[in-house]
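*Asks:* Quick one: the structure is below, questions incoming.
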Amino acid sequence: MSTVRIYVPKDACAIACGADEVVAAIEAAALKRRQPVEIVRNGSRGMLWLEPLVEVVTPEGRIGYGPVAEDDVEALFEAGLLTGGDHALRIGKPEEHPFMAKQTRLTFARCGIVDPASLADYRAHGGYRGLERALQLGPDAIIEEVKKSGLRGRGGAGFPTAIKWKTVADAKADRKYIVCNADEGDSGTFADRMIMEGDPFELIEGMTIAGIAVGATKGYVYTRSEYPHAIWAMEKAIEVARAGGMLGANISGSPYSFDLEVRMGAGAYVCGEETALLDSLEGKRGTVRAKPPLPAHKGLFQKPTVINNVLSLTAVPHILADGGEFYANFGMGRSRGTMPIQIAGNVKFGGLFETAFGITLGELVNDIGGGTVTGKPVKAAQVGGPLGAYVPTWQFDLPFDYEAFAAKDALIGHGGIVVFDENADMAKMARFAMEFCSVESCGKCTPCRIGSTRGVELMDRIIAGERVESNLATLTDLCQTMKLGSLCALGGFTPYPVLSAMNHFPEEFGAPPRRLEAAE
Ligand SMILES: Cc1cc2nc3c(=O)[nH]c(=O)nc-3n(C[C@H](O)[C@H](O)[C@H](O)COP(=O)(O)O)c2cc1C
Ligand code: SF4
């Protein structure tokens, strides 16, 4: 009997949904039938409502079944699981599923397909093509290629990556660092985690290229304690890359050296802010640093440092492999390339959807996400994490584009969408935004430290119906102070969810309806 290869994700979401128990059940069912099987623990394809998604290699290709529970396994074997047999859970070829077929996958092209612990598998699927080209080009031309791509930071601020790299490349210092921001604290986001668990070599390759471009020989991946599976997968891949000559001295036989370590923070939201992250990485309490100096001049241990999000760094191998122009061909306006968008919250088909910038929010929530899981009408979506605005349905024609969102006082952030149905209480959501800020504030500046607590108190009075008009005026004034006076975006952007909820749903704050934009 020939060995059948079966893929079961080791992604944290799949594990939370019982993937490890499914693996044990498959092994037991195969043993009972004396059928040899090879189980590969891959990453997730990103169709999270189908996890655990079990895939069997057949002569026709990989056939998926999901969501598989431990108790389904016997029946699946009886139905001919190992030959791609029919069953209610059979979804056919995963790549042909409409959720996958509609995507443009660059960053996530390999995620869910390859064995995340295998360097050979990574190479077999196009891995390290970018680094090979980078080694031929050398530092200046690498930065030029990234500039041509139009890549902007995917961590939230959308800052052009090439400018940051050029600043660090031009800085004179005996040591420089590449720091990957994998803190991923935004609500409804999981793309960084998925890549680290499903295609960790892509991040290693991206960071290595960044190191060569700016003259850094050491990199750190900073992530949080809530991501144990990602830490495990990254550390495993780093070990394998080192053993394969792709990290350490003379990478791939070149004159360049670069090595990496993973560091774990305790999960404070503010430690995702780049300067607080650096403090945390240095072993201190994560507190925001005043700028200047910029981290590009004085960053980790006071040395010039590139800090980039996982998704910025994992776009780089593709930009180098296929050229900056190829990447820039996707997108709209000044938002070039693709964005791995994370659809979450009260939504039927939640998951990872990578597509070119320009798709509308309505398409993402209604067409791709399938509307709410409760079946009730969608009320709003919070885009860009806890500091992002609540976008009401009458603005769902908004295209995913940094400038289009900014024009509506909203932000794309790290590409997370959290969907709410009509039952969401927008006054309570506004209160939550203030409370979140008060809990997560690093305490360095007054508008955020004190303002957020006063904001919670004001919201409590508004919700209780106390002097609503004057309290709303004070709240608006407080939001303005936080926007203008905060040292970082935690205090500076908390007003966006508060004001968007207040402006779009005034009646829920006890104020008269004033839905001007509805008529736009
Ligand atoms: C409160 C706060 C939290 C943040 N959290 C993250 C985070 O979890 N991940 C991230 O990449 N950037 C985060 N950022 C943005 C970073 O400060 C920084 O802009 C980013 O790491 C730069 O990388 P990029 O240019 O590749 O986006 C946060 C910013 C603030 C103000
Ligand atoms: S805005 Fe808040 S989190 Fe940012 S520096 Fe000020 S106190 Fe710290």
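*Asks:* At a probe size of 1.4 Å, how large is the accessible area of Asp367, to the nearest 10 Å²?
*Replies:* My reading of the accessible area for Asp367 is about 100 Å².
*Asks:* On the full set of protein chains, 1.4 Å probe, figure out the accessible area of Arg336 and give it in Å² to the nearest 10.
*Replies:* 50
*Asks:* Name the aspartates and glutamates eligible as straight-distance cross-link partners of Lys102: C-alpha to C-alpha under 15 Å, and not fewer than 8 places from it in the same chain.
*Replies:* Filter leaves Glu354, Glu363, Asp367.
*Asks:* Would you work out what percent of the accessible area of the chain, with all protein chains in place, is carbon or sulfur (probe 1.4 Å)? Working shown, then result.
*Replies:* Numbers: 10620 of 19940 Å².
Solvent-exposed carbon and sulfur of the chain make up 53 percent of the total.
*Asks:* Return the distance in nm (one decimal) between the two label points of a simple spin-label model at Arg33 and Ala243, each offset 7 Å from Cα along Cα→Cβ.
*Replies:* For Arg33 paired with Ala243, the spin-label model returns 3.2 nm.
*Asks:* I would also like to ask the following. Name the residue farthest towards the positive end of the dipole of segment 103-185 from the options Ala134, Ser118, Ser149, assuming +1 on Cβ of Lys and Arg, -1 on Cβ of Asp and Glu, about the Cα centre.
*Replies:* Ser149
*Asks:* Where the only charges are on Cβ atoms (+1 Lys, Arg; -1 Asp, Glu), what is the dipole of segment 119-328 about its Cα centre, to the nearest 20 debye?
*Replies:* Values: 24 positive and 26 negative charges, 141 e Å.
With only Lys, Arg, Asp and Glu charged at Cβ, the dipole is about 680 debye.
*Asks:* Let's test the formula: R0 of 41 Å, r as the Cβ-Cβ distance of Ser252 and Asp20. What FRET efficiency results, to the nearest 0.05?
*Replies:* 0.70
*Asks:* Right, something else. Kindly flag which residue pairs out of Lys148/Lys291; Lys284/Lys444; Lys164/Lys444 have an alpha-carbon separation exceeding 18 Å in this structure.
*Replies:* On the way: Lys148/Lys291 28 Å; Lys284/Lys444 14 Å; Lys164/Lys444 26 Å.
Too far apart for the 18 Å limit: Lys148/Lys291; Lys164/Lys444.
*Asks:* What does the accessible area per residue of the chain come to in Å², with a 1.4 Å probe and no ligands, DNA or RNA counted? All intermediate terms of the calculation are to be shown ahead of the outcome.
*Replies:* Details: 19940 Å² over 520 residues.
On a per-residue basis, 38 Å².
*Asks:* Sort Thr104, Thr474 by accessible area with a 1.4 Å probe, largest first.
*Replies:* Thr474, Thr104
*Asks:* According to a simple spin-label model (label point 7 Å from Cα along Cα-to-Cβ), what is the distance in nm between Trp49 and Arg263?
*Replies:* Simple spin-label model gives 4.1 nm for this pair.
*Asks:* Please report the net charge: other residues with Cβ closer than 12 Å to the Cβ of Cys448, K and R +1, D and E -1. Walk me through the numbers before you get to the answer.
*Replies:* Working: positive: Lys444, Arg449, Arg454, Lys483; negative: Glu273, Glu440.
Charge balance in the 12 Å sphere: +2.
*Asks:* When all protein chains stay in place, what accessible area (Å², nearest 10, 1.4 Å probe) is found for Lys102?
*Replies:* We get 120 Å² for Lys102.
*Asks:* Going toward the positive end of the dipole of segment 4-101, with +1 on Lys and Arg Cβ and -1 on Asp and Glu Cβ, which of Ala25, Leu50, Thr83 do you reach last?
*Replies:* Thr83
*Asks:* Turning to a different aspect of this structure: Just want to confirm a number: the relative contact order over the chain, from Cα pairs under 8 angstrom separated by 6+ residues, in percent. Please list the in-between numbers first.
*Replies:* Numbers: 1128 pairs, mean separation 68.7, N = 520.
Reported relative contact order: 13 percent.
*Asks:* Of Ala249, Gly92, Ala356, which is farthest along the charge dipole of the chain in the positive direction, counting Lys and Arg as +1 and Asp and Glu as -1 at C-beta?
*Replies:* Positive-end residue among those listed: Ala249.
*Asks:* Which aspartates and glutamates, if any, have their Cα less than 13 Å from the Cα of Lys376, not counting same-chain residues under 8 positions apart?
*Replies:* Asp421, Glu422
*Asks:* In addition: Cα gyration tensor of segment 426-509, axes a ≥ b ≥ c as square roots of the eigenvalues: rounded (a/c below 1.5), prolate (a/b > b/c) or oblate?
*Replies:* Working: a/c = 1.82, a/b = 1.74, b/c = 1.05.
Here segment 426-509 falls in the prolate category.
*Asks:* In debye to the nearest 20, how big a dipole does the chain give about its Cα centre with +1 on each Lys and Arg Cβ and -1 on each Asp and Glu Cβ? Numbers along the way, then the final one.
*Replies:* Working: 53 positive and 64 negative charges, 315 e Å.
In debye, rounded to 20, the chain gives about 1520.
*Asks:* When a/c is below 1.5 the answer is rounded, else prolate if a/b is larger than b/c, else oblate, so apply that to segment 4-101 with a ≥ b ≥ c taken from the square roots of the Cα gyration tensor eigenvalues.
*Replies:* Values: a/c = 1.61, a/b = 1.21, b/c = 1.33.
Here segment 4-101 falls in the oblate category.
*Asks:* Label segment 119-328 by shape, choosing from rounded, prolate and oblate, from the square roots a ≥ b ≥ c of the eigenvalues of the Cα gyration tensor; if a/c is under 1.5 it is rounded, and otherwise prolate applies when a/b is larger than b/c, oblate when it is not. Can you show the working numbers first?
*Replies:* Numbers: a/c = 1.43, a/b = 1.18, b/c = 1.22.
Because its axes are fairly even, with a/c under 1.5, segment 119-328 counts as rounded.
*Asks:* Under a straight-distance cross-link criterion of Cα-Cα below 20 Å, which lysines are reachable from Lys379, leaving out those fewer than 8 residues away in the same chain?
*Replies:* Correct list for Lys379: Lys348, Lys408, Lys428.
The values are calculated or read from the model by the stated rules, or taken from the named source; none is laboratory data. Remember, predicted model here, so these are calculated numbers, not experimental data. With ideal geometry, Cβ positions are generated from the backbone for all residues, glycine too; neighbour counts draw on all protein chains shown. Just the protein is used for accessible areas: all its heavy atoms, side chains included, with ligands, DNA and RNA removed. Shrake-Rupley method; radii C 1.70, N 1.55, O 1.52, S 1.80 Å.
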